[in-house]
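Presented below is the structure to which this report refers.
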Amino acid sequence: MSTGSPAIDRIDRFFAGLPESAPGRLPAPPAGVIRFDFVGEDGAATTWFVHLGVGRVRVVRTGDHADCVVEMRPEMFVRLLNGTDHGVAMLLRGVLSVEGDLSLFLVFRRLLPFRQADSGNAEPQRGTPDGTTVAGGGLPESTSVFYGSLFMISDRYGDVDPSPGTPLGLFFFDTRFLSTWRLTVDGERLSALSLDEINSFETKFALVPGEPTHYVNATTSILRHRWVGQDFEEEITLINYAPEPLRYTVRLDVGADFAEVQEIRDSLRRDRPVSVTIDRDSLRLHYVRQMLHRETVICASQPAVLDEHGLTFTITVAPHGTWSTRLRVLTLVRDLHRRDLRERLTSATGHSRAEEARDLDEVIAAAPRLRANHQPLVEAYRRSVRDLAALYYQGLNFRDRLPATGLPWSMALLGRESLISAFQVLPFLPHRAITTLRILALSQGVRHDPFRGEQPGKILQESRYGESAAFNDAPDAAAFTAADTTPLFVILLDEYERWTGDVELVRRYEFQARAAISWLDRHADPAGGGYVWSALRRTRVGEANESWRSSVQGICFRDGRPATFPQAICEFQGYAYDAKRRAARLAREVWGDPHWADRLDREAAELRERFDRDFWIPDRGYYALALQADGTQVDALASNIGHLLFSGIVPPERAGQVVRHLLGPALYSGWGVRTLATTETEFNPLGYHTGSVWPADNSLIAWGLRRYGFKQEAARIARDLLEAARYFDGRLPALFAGYDRARTRVPVPHRFVDSPYAPSAGATLLLLRVLLGLEPYEHHLAVDAAVPEDLGQIELLDVRGRWGFADALGRGRPFDHRTS
């Protein structure tokens with residue numbers, strides 16, 4: 001019963017009107033029952049049951065079953081109605097509790113009022129800087145273990161020393177839960193004898209006390225065996241090889257700063273008050289801000305003396321005897337009821353180490369088998385498949401694990417990167433596309449929210465779980481800060497059906513695909529002119545645009561001037577063209593709407609003609625990087641023109657000129673296509689978007705070259721990038737420096753960047769597809785190999801698709817190195 005308070009009255013009016021306002025706003029399942037419990041400060045409670053069906057809603061006041069229970073104060077729900085908060089942020093902040101299936105609550109967002117007020121906080125979000133310096137120093141001597149969004153990065157001895165500007169430590173939910181983890185024996189630091197990186201979530205260290213010069217006389221050995229799953233665990237074993245018993249003092253220094261990973265990346269330090277409590281058998285480190293509560297709990301299997309800064313074990317070990325202890329670290333995120341919020345969510349189930357290994361092995365075993373003469377290709381393929389199988393995280397509560405992007409900066413959902421990596425790996429790991437489409441369909445924009453960049457139909461770019469997301473200091477909980485994710489969603493949906501024949505999934509997401517096309521038509525073109533435009537985003541480290549070249553310097557004129565906003569970046573138009581063509585195919589063949597298909601084909605043809613007229617620079621022989629609102633062409637020569645081949649928007653008669661620029665000395669480094677040509681004023685081989693080489697960027701370019709028949713040029717990019725992978729142990733990083741190959745002879749690593757990085761791991765697989773010329777053709781796998789002679793023979797066995805399983809073979813042949 002209503003309490004009569006203004007908040008409750010507002011809530012009652014909203015729920016009473018839902019059945020009338022809901023039709024046409026809900027997609028296909030998930031369907032179920034949500035119970036909302038609103039408890040006022042006086043303890044009075046009011047309850048609503050919302051039954052979500054396919055396109056319909058039923059609202060009642062009583063019931064005895066709910067798939068999802070949401071509890072909050074009435075005034076908090078009013079914030080949702082007004083649009084001054086976000087449900088995920090409120091959950092992370094501890095002012096909202098969810099029990100059961102969180103995905104139903106995300107579907108319910110579609111029923112909130114369309115228009116909403118400014119989300120309040122004007123503090124800008126974080127961005128990625130460009131230029132010669134990147135926050136976080138290089139860590140060539142680091143090692144990592146990761147399982148989902150829980151990961152530990154340490155030095156090669158297993159230690160973590162306090163370092164605000166480098167990503168060492170134990171991280172979970174975009175937060176550093178351990179910033180100190182340092183082991184000593186009798187006051188001495190340890191030196192490494194060996195390091196065994198068993199798999200992505202397990203590592204072993206063999207160590208001795210003291211400096212390396214003492215190895216010959218060492219009679220004490222220390223083994224550290226660590227792994228991550230639902231928690232972080234480490235087993236420390238000490239072995240005494242002396243002929244007499246020895247007494248040892250084993251000390252583990254611990255600490256936590258609870259810094260956000262983006263703060264570390266961007267060198268933005270924030271001091272947080274951390275308190276310590278000591279229980280009988282555990283050390284607890286706390287950070288509290290209002291209702292937000294993060295806690296690190298460390299316990300050991302052997303008795304220890306605990307103090308505010310760590311654990312001390314005083315032991316005596318018999319001759320040739322051993323001593324060991326197992327350390328367990330819990331990373332807790334408290335909810336409204338002061339419990340870890342995962343305890344009440346239906347998908348938050350634990351896995352043993354054996355189960356984790358088995359799950360990983362099953363994904364890897366399902367990938368096609370590669371046999372090749374070229375060992376760098378074999379190693380890069382093996383490493384990429386393993387990394388992609390491991391780059392997932394549980395999230396708050398979804399039926400499937402969610403695609404993660406990279407370590408350390410991007411162990412989170414990034415829409416663009418997830419869509420691209422899923423596209424890259426479709427012939428190899430098709431489940432990544434299913435997972436990506438599901439979560440992005442579930443979180444699709446439904447309201448107008450300038451703070452988050454949300455608009456109806458727009459596809460999410462970023463979802464983070466850190467403190468900034470919780471308090472809306474930045475829109476990280478649900479940031480719609482990309483203009484290319486929306487057409488890429490449609491592109492992936494069509495490509496998935498082409499490979500798998502899974503029309504049921506395509507039917508399931510027709511609602512979201514139509515909304516995405518509607519966004520292109522209604523919201524993507526605020527400047528007029530029939531293009532997709534990028535707005536200006538203000539970040540804590542500068543201004544940014546809504547493309548993958550997100551730094552302002554990345555979209556510039558030849559003379560170095562940055563483009564003004566809004567800006568129509570060239571590849572956006574290509575993606576929009578491709579999305580409309582693909583949506584037309586699906587409308588005609590799957591959704592049964594030939595009239596809409598005809599309209600989409602017509603609009604795509606008009607866009608192609610308009611784009612060629614407005615973007616082509618005749619005296620340069622390439623397309624403008626972007627247009628300003630006044631129609632001025634932004635004339636820098638950049639790798640983006642390769643994405644135009646990927647999308648198919650380039651008329652065939654222009655393709656040869658574009659290809660000559662891509663493989664010319666100004667753009668091509670010898671290892672790959674640079675983001676910006678050496679002839680441009682802003683060029684810097686270390687610049688994120690102004691001269692470095694991105695493997696993912698190059699893989700899309702290579703695929704575009706194949707699309708236009710430039711097989712040899714595509715194979716050259718594939719061969720050179722695979723050669724570069726040799727110098728990164730088969731694991732291509734997010735980017736590396738764009739120095740000339742002839743000058744450096746080896747690819748130059750960038751300062752600390754994501755590695756593994758899903759789009760770079762996916763690049764290896766897409767390049768393999770390029771070399772073999774793999775394409776789905778009706779119910780068959782078409783193979784049109786173009787393999788350079790020095791790569792030898794390539795066999796890819798058991799490629800899954802709508803045909804079942806098929807094999808592909810390519811033999812290396814001499815190439816004519818003239819442009820095709």
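The values are calculated or read from the model by the stated rules, or taken from the named source; none is laboratory data. Being a predicted model, the structure only gives us computed values, none of them experimental. Cβ atoms come from the backbone with ideal geometry, glycine included; neighbour counts cover every protein chain shown.
Test TYR287 against the stated conditions and say whether it is more than 22 Å from ALA89 (Cα to Cα), among the aromatic types (Phe, Trp, Tyr) and touching a residue at least 24 places away in the same chain (Cβ under 8 Å). Show your work before the answer.
Details: more than 22 Å from ALA89 (Cα to Cα): no; among the aromatic types (Phe, Trp, Tyr): yes; touching a residue at least 24 places away in the same chain (Cβ under 8 Å): yes.
No; evaluated as a whole, the condition is false for this residue.
Do the conditions hold for GLU609, that is, is it over 24 Å from ALA666 (Cα atoms), in the same structural domain as ALA479 (by TED's automatic domain parsing), of a type in the set (D, E, K, R) and part of a strand (DSSP E or B)?
Here the answer is no, as GLU609 does not meet what is asked.
Restricting attention to the range 707-722, which residues are over 18 Å from VAL783 (Cβ atoms) and in a helix (DSSP H, G or I)?
Those that are over 18 Å from VAL783 (Cβ atoms) and in a helix (DSSP H, G or I): GLU713, ARG716, ILE717, ARG719, ASP720, LEU721, LEU722.
Listed here are the residues, each with its yes/no results for (1) of a type in the set (Ser, Thr, Tyr); (2) at pLDDT 90 or above; (3) touching a strand residue (DSSP E or B) at 6+ places or on another chain (Cβ under 9 Å); (4) under 24 Å from ASP449 (Cα atoms).
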position: PRO27; (1), (2), (3), (4): no, no, no, yes
position: ARG35; (1), (2), (3), (4): no, yes, yes, no
position: HIS51; (1), (2), (3), (4): no, yes, yes, no
position: GLU99; (1), (2), (3), (4): no, no, yes, no
position: PHE108; (1), (2), (3), (4): no, yes, yes, yes
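Do we have any residue at all in the range 42-51 that's in a loop (DSSP other than H, G, I, E, B), without any contact (Cβ under 8 Å) to a residue 24 or more places away in the chain, in contact with a Phe, Trp or Tyr (Cβ under 7 Å, 6 or more places away or on another chain) and surrounded by fewer than 17 Cβ atoms within 10 Å (Cβ to Cβ)?
No: zero hits.
For the range 275-289, what are the residues that are loosely packed, with under 15 Cβ neighbours inside 10 Å and within 20 Å of PHE172 (Cα to Cα)?
If we filter the range 275-289 for residues that are loosely packed, with under 15 Cβ neighbours inside 10 Å, which is where we start, we get 275, 277-281.
Of everything in the range 275-289, just one residue is loosely packed, with under 15 Cβ neighbours inside 10 Å and within 20 Å of PHE172 (Cα to Cα), namely SER275.
Can TYR668 be described as modelled with pLDDT of 95 or more and crowded, with 22+ Cβ neighbours inside 10 Å?
Working: modelled with pLDDT of 95 or more: yes; crowded, with 22+ Cβ neighbours inside 10 Å: yes.
Taking the combined requirement at face value, the residue satisfies it.
Could you list, ordered by first residue, the pairs with Cβ atoms under 7 Å in which the first is in the range 406-431 and under 20 Å from ASP484 (Cα atoms) and the second is modelled with pLDDT of 95 or more and among the basic types (Lys, Arg), at least 6 apart or interchain?
The qualifying pairs are SER421/ARG432; ALA422/ARG432; VAL425/ARG432.
Here's a check for you: in the range 724-750, which residue that is among the aliphatic types (A, V, I, L, M) and surrounded by 20 or more Cβ atoms within 10 Å (Cβ to Cβ) is nearest to the chain's Cα centre (by Cα)?
ALA734
Between a first residue in the range 75-96 that is assigned to a loop (DSSP other than H, G, I, E, B) and a second residue that is of a type in the set (Ser, Thr, Tyr) and surrounded by fewer than 24 Cβ atoms within 10 Å (Cβ to Cβ), which pairs have beta carbons less than 6 Å apart while being 6 or more apart in sequence or on different chains?
These pairs meet every condition: THR84/SER119.
Give me a count of the residues in the range 643-661 that are part of a loop (DSSP other than H, G, I, E, B), under 30 Å from the mean Cα position of the chain (by Cα) and within 17 Å of ARG620 (Cα to Cα).
1
Tell me which of these ARG558 doesn't satisfy, since it passes every other one: (1) touching a residue at least 60 places away in the same chain (Cβ under 8 Å); (2) crowded, with 21+ Cβ neighbours inside 10 Å; (3) assigned to a loop (DSSP other than H, G, I, E, B); (4) not aromatic (Phe, Trp, Tyr).
(2)
I'd like to check something: does the range 575-591 contain any residue that is without any contact (Cβ under 8 Å) to a residue 12 or more places away in the chain and in a loop (DSSP other than H, G, I, E, B)? It would help to see each step written out before you state the result.
First, the residues of the range 575-591 that are without any contact (Cβ under 8 Å) to a residue 12 or more places away in the chain: 588-589.
Filter once more, keeping what is in a loop (DSSP other than H, G, I, E, B): none.
No, there is no match, as no residue in the range 575-591 is without any contact (Cβ under 8 Å) to a residue 12 or more places away in the chain and in a loop (DSSP other than H, G, I, E, B).
Go through (1) farther than 28 Å from PHE173 by Cβ; (2) buried (at least 20 other Cβ atoms within 10 Å of the Cβ); (3) at pLDDT below 95 one by one and return the number of the condition ASP196 breaks.
Exception for ASP196: condition (2).
Report yes if ALA117 is more than 27 Å from ARG226 (Cβ to Cβ), outside any strand (DSSP E or B), modelled with pLDDT under 80 and of a type in the set (A, V, I, L, M), otherwise no.
yes
Among the residues of the range 691-706, write down those that are in contact with a strand residue (DSSP E or B) (Cβ under 6 Å, 6 or more places away or on another chain) and in a loop (DSSP other than H, G, I, E, B).
Hit for the range 691-706 is GLY691, nothing else.
Quick one: which of VAL787, VAL748 is closer than 18 Å to GLU379 by Cα and of a type in the set (A, V, I, L, M)?
One residue alone meets the criteria, VAL787.
How many residues does the range 278-308 hold that are in a loop (DSSP other than H, G, I, E, B) and in contact with a strand residue (DSSP E or B) (Cβ under 6 Å, 6 or more places away or on another chain)?
Adding up the residues that qualify gives 5.
Does THR678 count as in a loop (DSSP other than H, G, I, E, B), buried (at least 24 other Cβ atoms within 10 Å of the Cβ) and β-branched (Val, Ile, Thr)? Before you say what the answer is, go through the steps one by one.
Details: in a loop (DSSP other than H, G, I, E, B): yes; buried (at least 24 other Cβ atoms within 10 Å of the Cβ): no; β-branched (Val, Ile, Thr): yes.
Judged against the criteria, THR678 is not a match.
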